[in-house]
Each structure stands twice: as C-alpha cells, then as structure tokens.
1. Hey, can you tell me all the residues within the stretch 63-97 that are within 19 Å of His230 (Cα to Cα) and crowded, with 22+ Cβ neighbours inside 10 Å?
2. Ser28 - would you say it is of a type in the set (S, T, N, Q), surrounded by 15 or more Cβ atoms within 10 Å (Cβ to Cβ) and either in contact with a Gly (Cβ under 9 Å, 6 or more places away or on another chain) or modelled with pLDDT under 95 (or both)?
3. Being part of a loop (DSSP other than H, G, I, E, B) and among the charged types (D, E, K, R), is that true of even one residue in the stretch 121-144?
4. Could you check the stretch 185-228 and list, in sequence order, the residues that are assigned to a loop (DSSP other than H, G, I, E, B), farther than 17 Å from Ile156 by Cα and hydrophobic (A, V, I, L, M, F, W, C)?
5. Give me the pairs, please: first residue somewhere in the stretch 74-89 and at negative phi and small (Gly, Ala, Ser), second residue anywhere and buried (at least 19 other Cβ atoms within 10 Å of the Cβ) and assigned to a loop (DSSP other than H, G, I, E, B), beta-carbon distance under 9 Å, and either six or more positions apart or on two chains.
6. Exactly one condition in (1) of a type in the set (A, V, I, L, M); (2) out of contact with any Pro (no Cβ under 9 Å at 6 or more places or on another chain); (3) closer than 19 Å to Leu160 by Cβ is false for Leu233; which is it?
7. Go through the stretch 14-58 and count every residue that is of a type in the set (Gly, Ala, Ser), within 24 Å of Met178 (Cβ to Cβ) and not in a strand (DSSP E or B).
8. Of everything in the stretch 146-158, what is hydrophobic (A, V, I, L, M, F, W, C) and more than 14 Å from Glu189 (Cβ to Cβ)? Give them in sequence order.
Amino acid sequence: MKIFDEIDVDFSALGFKQTKIKNLILSSLDIQQDNKHFKKGKYKIVSCHNLYLHSDYQKEVVAQLKKILKEFLRFHKIKQQDKVLVCGLGNADIISDSLGIKTCKKILATNNFDFSQKKHNICTICPGVQAKTGLQTFDIVNGIVKSIDAKLVILIDSLLTENIKRLGHCFQLSSVGMVPGGALLDSKEISFQTIGVPCISIGVPLLLDLKGVTDKVKKSIIVAPKDIKHYVLTCADIISTAINCGIGTTLTRQQILETLKPF
C-alpha cells in the first residue's frame, strides 16, 4: 500500500490540507463520499524529517498520533468498554515488513486486566503471512473479530513510497482499513465493508519504489534503506506508545514497559 498523497490526482479538489505543528507537518484529507481513488473516510499523514535527531521530535509525533487516534475513535463512536483488536501485519522474518509485529510486541493488552487505569479493552494479534500459515490474513482477523466481538480493528503495516525522504519519517493513518500486502498476493481488504466493524490503519513507508526516484528505472524495483532495523524499531516504539498511552491505559510509558517485561 502506498502513501495516499502519492496517487496521481488533484488533491486540491478533494479538500487536501497541510499544516505545520512545531517540528511536524500534518497532512489531512476528509473524503465525504466514495470515489474512484478513495473510500469515504479520514486520511492523515504525520511527517517529521528530523525524527531520528532527537527524542523530543519523537515525543511530538507520539502526541499527534494520540490525538488522531482519539479523533478516529470518536468518529467511529467507540465506547470505553468496547474491545479493540490491534493487528500487527507483515512477515517477522523480513525486517522491512515487520513493523506491525514489532509494534504489537510493545502494546499492553488490557482486555484481561481489571484496573482503574484502563481506557479500552485492547487485544493484540499477529496473523502472519499466507505463505507461512496457509490462511489469508482476512480470514484470521475476521474470525477473531467475530469470536471476541471486537468493535474496532487497528491494522499496522509497512507502506511503500516513491520519495526517499519519507522512508521511516512519516506516519499514515486512515479510517478505512487496508489491504494486507497492498494486494500483491491477491489479499482481501480488511475494512468495515468486509468484516462489519470500523477499521483504522496505521502505516509507515519502509520500502522505496525506485521507479518513482529515477527515470532510468522503467519498472518497479522495491528496496529498503540500510538503516531499516533502526527505522522499524523506532517507529514501532512511537506507534505502540501512542496506542498504549492514547487509548489503552493511563499508565505512564515507563509503567507500561515494566508491566510488559515478564512477557
């Protein structure tokens, strides 16, 4: 799946907005009805070109992601007692495709906890890839949603970009779900239309299509940056912190890390 504003369309006609907040650039698109390029819903990109220079920049991204997640939960009318299923998509054996899995390992599953600091009932799952499981990701997620009566699904996965400056430096969120693997393997879309519950997608571009970088490349060649492991671990920490502290619990980041240690 690509970053939404890299699609070759006139975004000005669709109400595309871009604002600067401290060291961040926030891009947003609010589609009121389905069209041939976008489904009805909210689309956001949080960009920080200095993300790896200082931890304060990462804290700014976390704060913005928390704000957007809360906005999406209000948009989907998710109540505090509702179960939220967080799905870490991707392949654990390929570092550039392991963002969702690395993120899920850092998320505190609060569903079985009974304590006053809990905000929502968070469950997590890493369904793997069809090449290993023999099952479509859609079937696994759909089955779990029905089994636990989840009211919201959050999908986390790596994305593709044609802009080298965006690699590992921007976070895309949408309220319309996603297709695992970007439909490369004929995967089925996970969205409200297919599983019956709202779906939020969170992705970071960790793969680069050289076709969009140079005219010398005539077909898609997908590569990853040499610092990919650092990018993945940093982005996983940012996203997990936003979910944990934004919609999971009122515990501090340090308290959450201490709670996760035994696991």
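1. Taking the stretch 63-97 as the starting set, the residues that turn out to be within 19 Å of His230 (Cα to Cα) are 88-97.
Matches in the stretch 63-97: Gly88, Leu89, Gly90.
2. Details: of a type in the set (S, T, N, Q): yes; surrounded by 15 or more Cβ atoms within 10 Å (Cβ to Cβ): yes; either in contact with a Gly (Cβ under 9 Å, 6 or more places away or on another chain) or modelled with pLDDT under 95 (or both): yes.
Yes.
3. Let us first name the residues in the stretch 121-144 that are part of a loop (DSSP other than H, G, I, E, B), namely 126-129, 134-136.
In the following step, the residues that additionally are among the charged types (D, E, K, R) were identified as none.
Scanning the stretch 121-144 turns up no residue that is part of a loop (DSSP other than H, G, I, E, B) and among the charged types (D, E, K, R).
4. Quick first cut of the stretch 185-228, residues assigned to a loop (DSSP other than H, G, I, E, B) only: 185-189, 191, 196-198, 213-221, 224-227.
Now restrict to residues that are farther than 17 Å from Ile156 by Cα: 185-186, 196, 213-221, 224-227.
Residues satisfying the conditions are Leu185, Val213, Val217, Ile221, Ala224.
5. Gly88/Ser98; Gly88/Ile107; Gly88/Cys126; Gly88/Pro127
6. Every condition holds for Leu233 apart from (3).
7. Let us first name the residues in the stretch 14-58 that are of a type in the set (Gly, Ala, Ser), namely 15, 27-28, 41, 47, 55.
Then keep just the ones that are within 24 Å of Met178 (Cβ to Cβ); that gives 15, 27-28, 41, 47.
Imposing the further condition that a residue be not in a strand (DSSP E or B) reduces the set to 15.
Residues flagged as of a type in the set (Gly, Ala, Ser), within 24 Å of Met178 (Cβ to Cβ) and not in a strand (DSSP E or B) within the stretch 14-58 amount to 1.
8. The initial filter retains those residues of the stretch 146-158 that are hydrophobic (A, V, I, L, M, F, W, C), namely 148, 150, 152-156.
Within the stretch 146-158, Ile148, Ala150, Leu152, Ile154, Ile156 qualify.
The values are calculated or read from the model by the stated rules, or taken from the named source; none is laboratory data. Note that the structure is predicted; figures quoted are calculated from it, not measured. All Cβ positions, even for glycine, are placed from backbone atoms using ideal geometry, and neighbour counts span all protein chains on display.
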